[in-house]
1. Among the residues that make up segment 31-53, is at least one of them modelled with pLDDT of 80 or more and within 30 Å of residue 182 (Cβ to Cβ)?
2. Any chance you could count how many residues in segment 280-299 are under 12 Å from residue 236 (Cα atoms) and at pLDDT 95 or above?
3. Check off (1) in contact with a helix residue (DSSP H, G or I) (Cβ under 9 Å, 6 or more places away or on another chain); (2) surrounded by fewer than 16 Cβ atoms within 10 Å (Cβ to Cβ); (3) farther than 26 Å from residue 148 by Cα; (4) modelled with pLDDT of 85 or more for residue 10 and give me the number that stays unchecked.
4. Condition (residue is exposed (fewer than 15 other Cβ atoms within 10 Å of the Cβ), free of Cβ contacts under 8 Å to residues at least 60 places away in the same chain and under 30 Å from residue 154 (Cα atoms)) applied to segment 240-251: is it met by at least one residue?
5. For segment 166-189, state whether one or more residues are surrounded by 20 or more Cβ atoms within 10 Å (Cβ to Cβ) and more than 16 Å from the chain's Cα centre (by Cα).
6. What is the number of the single condition among (1) assigned to a loop (DSSP other than H, G, I, E, B); (2) touching a helix residue (DSSP H, G or I) at 6+ places or on another chain (Cβ under 8 Å) that residue 214 does not meet?
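The values are calculated or read from the model by the stated rules, or taken from the named source; none is laboratory data. Bear in mind the structure is a predicted one, so any value in this text is a computation, not a measurement. A quick note on method: Cβ atoms are made from the backbone with ideal geometry, for glycine too, and the neighbour counts reach across all protein chains shown.
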């Protein structure tokens, strides 16, 4: 069982026992609940069938000293297995892997005790074969556990911003040394999940899946907004006042020309269609916010030019309407 599944389930509460319950208390609680909710005595009740599975799962973990110690440790940490994939840069290579919590990913002891492993034909642990007065392999009343798909496993990984834009491939290493390749599609957003079919827990109706949460590292220049990309580009006062064609970088590494209209104020955003994030379903735009730069140092000639400009525009008052706007 994936540690994330353990962290999200309170097996003590399911069995109705305290966290310091003895082995005998756990066995007694399970016997009572299994007898009450067994499918043979609750035919057609989906609620009882689910409860029976839950208490059986709880007992399979808490009745094992090793599993119980692992479970208590995971619950104390409040988290699940997390795997970080190294080397997933702009090209998305899968070199370098890091395993955290090792055998919690699928059970390094050769398989988890969770679910129905080790249970008899009645869906009961061997030590409870006499619960309904019969220990035959056919089960009480001919009941056979319904085949179920194995549980999903969960993991998380971090990738570069470039990897999220272009797509990449990362590898998650199992405790036995096997590596699961996970393909990250181009355009994936921070927090989205990728499902790898058939890499979950084993089940009588087939294995579950591996669900990987993807965290995207932020970029120093590009900021994602949906499928759009936002950037800030500085321009000089003459460029903003008179208009200019400027060159701005894009996600592809190439530059595009953007026309800054005459009289553009600082903070205005210009749009470059189709230069944003490209996914299988949509393509975003590049949103260019203009920042008018005020020079920190001016030569004497530049100061004289600014003074001449100020004299030539003395009749322009940008604050003329403030008093009217400020009235209550």
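1. Yes, some residue in segment 31-53 is modelled with pLDDT of 80 or more and within 30 Å of residue 182 (Cβ to Cβ).
2. Looking only at that region, the number is 4.
3. If we test residue 10 against (1) in contact with a helix residue (DSSP H, G or I) (Cβ under 9 Å, 6 or more places away or on another chain); (2) surrounded by fewer than 16 Cβ atoms within 10 Å (Cβ to Cβ); (3) farther than 26 Å from residue 148 by Cα; (4) modelled with pLDDT of 85 or more, just (3) comes out false.
4. So far as segment 240-251 goes, no, none of its residues is exposed (fewer than 15 other Cβ atoms within 10 Å of the Cβ), free of Cβ contacts under 8 Å to residues at least 60 places away in the same chain and under 30 Å from residue 154 (Cα atoms).
5. Within segment 166-189 (the criterion being surrounded by 20 or more Cβ atoms within 10 Å (Cβ to Cβ) and more than 16 Å from the chain's Cα centre (by Cα)), the answer is no, since none of the residues qualifies.
6. (1)
Quick grid of which residues meet (1) farther than 15 Å from residue 182 by Cα; (2) assigned by TED's automatic domain parsing to the domain that holds residue 302; (3) touching a residue at least 12 places away in the same chain (Cβ under 8 Å):
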site: 202; (1), (2), (3): yes, no, yes
site: 212; (1), (2), (3): no, no, yes
site: 218; (1), (2), (3): yes, no, yes
site: 231; (1), (2), (3): yes, yes, yes
site: 234; (1), (2), (3): yes, yes, yes
site: 238; (1), (2), (3): yes, yes, no
site: 254; (1), (2), (3): yes, yes, no
